[in-house]
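Read the structure below first, then the notes.
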Amino acid sequence: MRVEGQDILFEIKSCITNKSTQSHIKHTFFVPDHTETLYIDFSFHPSHETSDVKNKQLFEEASQYYATRLSHKSGDQVKNLLTLSVDDHDGFRGARHYHSPTQHVIINDNKSTPGFLNRRNPTGLWSITVSVHAIVTETCEYRMCVYREYQSATNTSIPWRHKPLTHQIEDNDISISVYPQIEGTAQWVPSELHTHTLHSDGKQSLIEMAEVAKEMGLKAVVMTDHNTISPFEGIEQAEAHAGIHILYGLEWTTFYGHLLTIGYEKPTYTDWRVIGPLDIKSGITEIGQHGALVGIAHPFRIGNPIGTGCHWEFPIESINEFDFMEVWNSTRPGSKVYNQRAFQYWTDLLNKGYRITATSGRDWHHNEESNPIPAITYVMMPEAYEDKNMFRKAFLSSIRSGRVSISYGQPLDLTVKQGETVYKIGDVINIIENKPIIVQVHTEEWEINDRIDEKSVSLVIVTSEGKILHGRPGVLQLDTEISNEHVKWIRAELYASIDHEKPELVAFTNPIYIR
C-alpha cells in the first residue's frame, strides 16, 4: 500500500449504479519521466449483495433466463465484479481479470503484477479502464489511487510547468521557406480567424455572427469553436445568407495551450483528448493531414487555473512546426500586455531567423461591446478565386506564406523595390551587392474611429536592426532606401492615440524577408 514519500499522479472516488453494468470507464492521466515503478490501489464496495432475499431473487431470475435450475442456499452471495486494464503511452500494457474487491497492481520493467507486461514505463498519457462486468447492488463505489516511487526534483520533469516560450530562443538552423509570388492582380481579403458561437462558450449564433461580419465588411471568417465541429452543419446556410466565405476550423482547447486550426478541407474533427503534454507534434501532423493550418492562440494569456489552458505550456521542438502565431488577441489588442509580449516574442523569432506568420484573432464570443475596436486580419490573395475550395487553398497559402497585414482600420501595404523587381509582404529578397533596396509603405485613408485621434497617426518602418524611419503624424506614406547588409527582414507599423492615451500599435505588416 502507499506510504509517505511516494508521488500521487491520479486519485478518484466514484459511485456508479447498477445501470452501469457492462460498461467501460476510462481514466486518463499523465505519467512523468523517471517513473521506474507505477502503483495502482483499487477497491470497490460493496463487494456483493448482502440481502438473502435479493440473492435468492437473482438466482431465480438467472435460472429462468438460462433455463437452468440453480439452487440457492442461505448465505450464497452474488458478487459485484469490476476489473482493471492499463494502456501506457505506447499502447496496451496489461489487464487482470481479478475478482477481489481490493487490488494492488505494480507495473515496472521486471516485477510487474501478473497480467501486466514487464517493460520500461514511458513518459506520457496513460489510461486505466475500469470494466464493469456486473453490479448486483443498487450502487457501487470504487476508489483508485495511482502513484509512483518518489523521484528527486532534479530527476522529475513536469513539462507544462516549464513555460517554454520564456526560454532563450535558439537560432533557426533551417533555411526559411520561399513561396511563389502572387501572379496577376492581388486583393486584400478582410478576415476574422478566431470565432465562437453558442455551440461552445459564445453568445451568438453562426447566422448572427455572419450578419455582423458582413456589416463589418469582412469577406472571410474561420469557424473555430472550442473542441467541437457542430456549427459546421450551418456553414453553407450562413455563407448563402451573408455572402461571405466561412472556413472550417477548431480551437483545440487543451490543458496545456490553445491551438487554432484553420481550413480543414472538409468537416473534420481532430481529437485533442489523446494529446498529452509531450504529444503536440503528433497532433500537428494529424491536423496537417486534413489540409488545415495550425497556429498558437494567445500564447501569453494567463493560464491555469485562472484561464484554464490559455497560456502556451506545450514544449516545442521547433517553432517551424507551426504555420502562424496569434500575436494579437481580443479587441483593441495593441493595448493588452499579453499581446505586447506575444508581439515581442514574434519579433525575437524573426531576429533569430525564423519565418512564422503573425495573425490577429478577435476571439469573437459576442457583440455586446460598444465600439470594441477589433483588429482585422487582411490576407493578400489573387482576385479571381470565388470557388469555395479554390478560395480555401489560396487563403491558406497566403496565410502560410505570411501575406498578411493586420489593422484596426485599413491595411498597411509594404513593398520593396530592387532595380525593376517589386517584392510584396511575405516575399524573400536575394540582395544584390551594391544595389540598394527602396522600401515603400502606405495605407488608404482610414474612416477614423471617434476613439482614435487621427492627428496622432504615424507610420514606422522597422527592420531586424530596429526602427529606421518614423513618419510625421498624419502622414500615411513613407519611402526610404536601405543598404544595410545585416538586415534580415523589414515590416511596417502604425501608431495612434486612442481615448487620449499614449500612442499604441494599431496596425502592422508581416515582413518582407532578406537573405
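The values are calculated or read from the model by the stated rules, or taken from the named source; none is laboratory data. As the structure is a prediction and not an experimental result, all values here were calculated from the model. All Cβ positions, even for glycine, are placed from backbone atoms using ideal geometry, and neighbour counts span all protein chains on display. These area figures cover heavy atoms from the full protein model, side chains too; ligands, DNA and RNA do not enter into them. Shrake-Rupley method; radii C 1.70, N 1.55, O 1.52, S 1.80 Å.
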**OP:** Can you work out the PRE-style zone for Lys54? Point 7 Å along Cα to Cβ, and I want the residues of the stretch 79-104 with backbone N under 13 Å.
**Re:** 79-80
**OP:** Once you have all Cα-Cα distances for the stretch 187-230, histogram them in 10 Å bins from zero and send the whole-percent values.
**Re:** 29, 53, 17, 1
Original post:
Using the alpha carbon gyration tensor of the chain, what are the three equivalent-ellipsoid semi-axes (square root of 5 times each eigenvalue), largest first, in whole Å?
Top reply: 57, 26, 19
**OP:** May I ask you to evaluate 6.51 cos²θ - 1.76 cosθ + 1.60, the Karplus curve with θ = phi - 60°, for each residue of the stretch 358-373 and list the ³J(HN,Hα) values in order in whole Hz, giving x for glycine and proline?
**Re:** 8, 10, 10, x, 5, 6, 6, 10, 7, 10, 8, 6, 8, 6, x, 6
Original post:
Which ³J(HN,Hα) values in Hz, rounded to whole numbers, follow from the phi angles of the stretch 168-179 under the Karplus curve 6.51 cos²θ - 1.76 cosθ + 1.60, where θ = phi - 60° and Gly and Pro get x?
Top reply: 4, 7, 7, 4, 6, 9, 10, 4, 5, 6, 10, 10
Subject >> Alpha-carbon Debye profile of the stretch 28-87, log10 I(q)/I(0) at 0.15, 0.26 Å⁻¹ >> reply: -0.63, -1.11
**OP:** Filter the DSSP H helices in the chain by two things, a Kyte-Doolittle mean of at least 0.0 and an axial alpha-carbon span of 24 angstrom or more, and list the hits by number.
**Re:** none
Original post:
Quick one: Debye curve from the C-alpha atoms of the stretch 162-244, no solvent, what's log10 I(q)/I(0) at q = 0.14, 0.16, 0.17 Å⁻¹?
Top reply: -0.70, -0.77, -0.79
Original post:
What length, rounded to one decimal in nm, is gained on full extension from Asn371 through to Thr129, with 0.36 nm per residue of separation minus their alpha-carbon distance?
Top reply: 82.0 nm
Subject >> Cross-link pairs beyond the 18 Å C-alpha cut-off, checked among Lys54/Lys79; Lys435/Lys467; Lys393/Lys424; Lys281/Lys488; Lys266/Lys388 >> reply: Lys435/Lys467; Lys393/Lys424; Lys281/Lys488
Original post:
Kirkwood-based Rg over Rh for the stretch 338-414 (C-alpha set), two decimals?
Top reply: 1.02
Original post:
Taking every pair of alpha-carbon atoms in the stretch 299-395, what share in percent sits in each 10 Å bin, from 0 to the bin with the longest distance?
Top reply: 13, 36, 34, 16, 1
Original post:
When you take every Cα atom in the stretch 402-515, what is the radius of gyration, and what is Dmax, the widest Cα pair distance, in Å?
Top reply: 14.4, 47
**OP:** State log₁₀ I(q)/I(0) for the stretch 413-471 at q = 0.25, 0.30 Å⁻¹ as given by the Debye formula over alpha-carbon point scatterers of equal weight, solvent excluded.
**Re:** -1.16, -1.35
Subject >> Within the chain, helix-based [θ] at 222 nm, where runs of 4 or more DSSP H residues each add -39,500 (n - 2.57), nearest 500 >> reply: -4500 deg cm²/dmol
**OP:** Take the Cα radius of gyration of the stretch 91-210 and divide it by 2.2 N^0.38 Å, with N its residue count; two decimals is plenty.
**Re:** 1.94
Subject >> Rg [Å, one decimal], Dmax [Å, integer] - the stretch 231-289, C-alpha atoms >> reply: 13.5, 42
Original post:
Roughly how many whole Å is it from the C-alpha centroid of the stretch 215-241 to that of the stretch 417-438?
Top reply: 39 Å
Subject >> Fraction of accessible area attributable to carbon and sulfur, the stretch 44-125 (%, probe 1.4 Å) >> reply: 51 percent
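Please work out the ratio of the alpha-carbon Rg of the stretch 174-302 to 2.2 N^0.38 Å and round it to two decimals.
Expressed relative to 2.2 N^0.38 Å, the Cα Rg reads 1.13.
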Original post:
Quick one: accessible area per residue over the chain, 1.4 Å probe, rounded to a whole number of Å²?
Top reply: 48 Å²
Subject >> Kirkwood Rh in Å, taken over all unlike Cα pairs in the stretch 55-152 >> reply: 16.3 Å
Original post:
If one computes the Cα centroid of the stretch 254-324 and of the stretch 29-93, what distance in Å separates the two points?
Top reply: 39 Å
Original post:
At what distance in nm do the modelled label points of Gln440 and Thr285 sit from each other, each positioned 7 Å from its Cα along Cα→Cβ?
Top reply: 4.7 nm
